[in-house]
1. Considering only protein heavy atoms and a probe of 1.4 Å, how much of the accessible area of segment 175-253 is carbon and sulfur, as a whole percent?
2. For segment 90-98, just list the computed ³J(HN,Hα) in residue order, Karplus coefficients 6.51, -1.76 and 1.60, θ = phi - 60°, integers in Hz, with x standing in for Gly and Pro.
3. First compute the accessible area of segment 1-118 with a 1.4 Å probe, then give the percent of it belonging to carbon and sulfur atoms.
4. Roughly how many nanometres apart are two label points built 7 Å out from the Cα toward the Cβ at Glu118 and Ser8?
5. Go through segment 52-138 and name the GluC sites (Glu not before Pro) that are in a DSSP coil and have 11 or fewer other Cβ atoms within 10 Å of their Cβ.
6. To the nearest 20 debye, what charge dipole does the chain have about its Cα centre, counting +1 at the Cβ of each Lys and Arg and -1 at the Cβ of each Asp and Glu?
7. Aspartates and glutamates near Lys122 by alpha-carbon distance under 18 Å, same-chain residues fewer than 8 away left out - which ones?
8. Just to verify a number: FRET efficiency for Glu17 and Ile249, C-beta to C-beta distance, R0 = 25 Å, to 0.05?
Amino acid sequence: MSLLQVESLGFSYGAKEVLKGINLEVEEGEILSILGENGVGKTTLLKCINSILKPQKGRILLDGSDLSKLRGKEIARRIAYVPQFSERNSIRVFEAVLLGRKPYINWDVSSKDIEITEKVIKTMGLQEVGFRSLSQLSGGELQKVMLARALAQEPQILLLDEPTSNLDLRNQMEVMKLIAEISKARKITILVVMHDINLSVRFSHRFVLMKKGKIFARGGHEIITEENIQEVYGIKVIISYVAEIPVIIPLNG
């Protein structure tokens, strides 16, 4: 049985149907990229999986358990979500990461919560900024803090919405390398919404191509073809290889 199963999922905002009959299976420890144009339901799918939104049709199973039957705290111990935009405020980095332990805290912070927070901060290379406020961080540092907070939840599944948005090239690579290392070392399943197909192809194991609220194609690198990309994005591309890495290049006209 797959770790995560999405069965005939449907979701609407009022009269607007956003997700239509989504079927998906995700295995433990894999990185799955969700690709497609803006407005096709990628972020909505993540929010349904994290129970932020309640689907009107279908169901989502985690280890065979229906998510709609689980309590919020139990879901938070198993699924962590990092949204595309993170708020900058005066809270310190250490405190922000410690918030990831909230699903486990009953009365007060325990020594285990402190230990896990310190360990995650070290893993993410954030020791030097541990006592700075979020408002003082660069974009790359802030994104790493949000990832660290999610990891402090000790989830089975990590949902990431555009984790490299607004980052420069170096920080894009750093963040994606961290994501890949975390998935491999901790066997965490990662679902990531991406706009940058080249980054996605470089770091993901499998892919979902979405079009008009439906899954157009799903599978491994074999589905990342010039024909599929043109059909999903409405633009002609060629796929070339540099140092054995596939590179998707848009064409004019």
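The values are calculated or read from the model by the stated rules, or taken from the named source; none is laboratory data. Everything numeric in this text was worked out from a predicted model, so none of it was measured. Here Cβ is always computed from backbone atoms with ideal geometry, including for glycine, and neighbour counts include all displayed protein chains. Surface accessibility is based on the protein's heavy atoms, side chains included, excluding ligands, DNA and RNA. Shrake-Rupley method; radii C 1.70, N 1.55, O 1.52, S 1.80 Å.
1. On the way: 2220 of 4220 Å².
Roughly 53 percent of what the probe reaches on segment 175-253 is carbon or sulfur.
2. The phi angles translate into 8, 5, 7, 4, 4, 5, 4, 5, 4 Hz.
3. Numbers: 2950 of 6260 Å².
That share works out to 47 percent.
4. About 5.2 nm separates the two model spin labels.
5. Details: sites: Glu74, Glu87, Glu95, Glu115, Glu118, Glu128; in loops: Glu87.
The qualifying sites are Glu87.
6. On the way: 34 positive and 30 negative charges, 141 e Å.
It comes to approximately 680 debye.
7. Glu95, Asp113, Glu141, Glu154, Glu174, Glu181
8. Numbers: r = 34 Å, r/R0 = 1.36.
With a Förster radius of 25 Å, E is 0.15.
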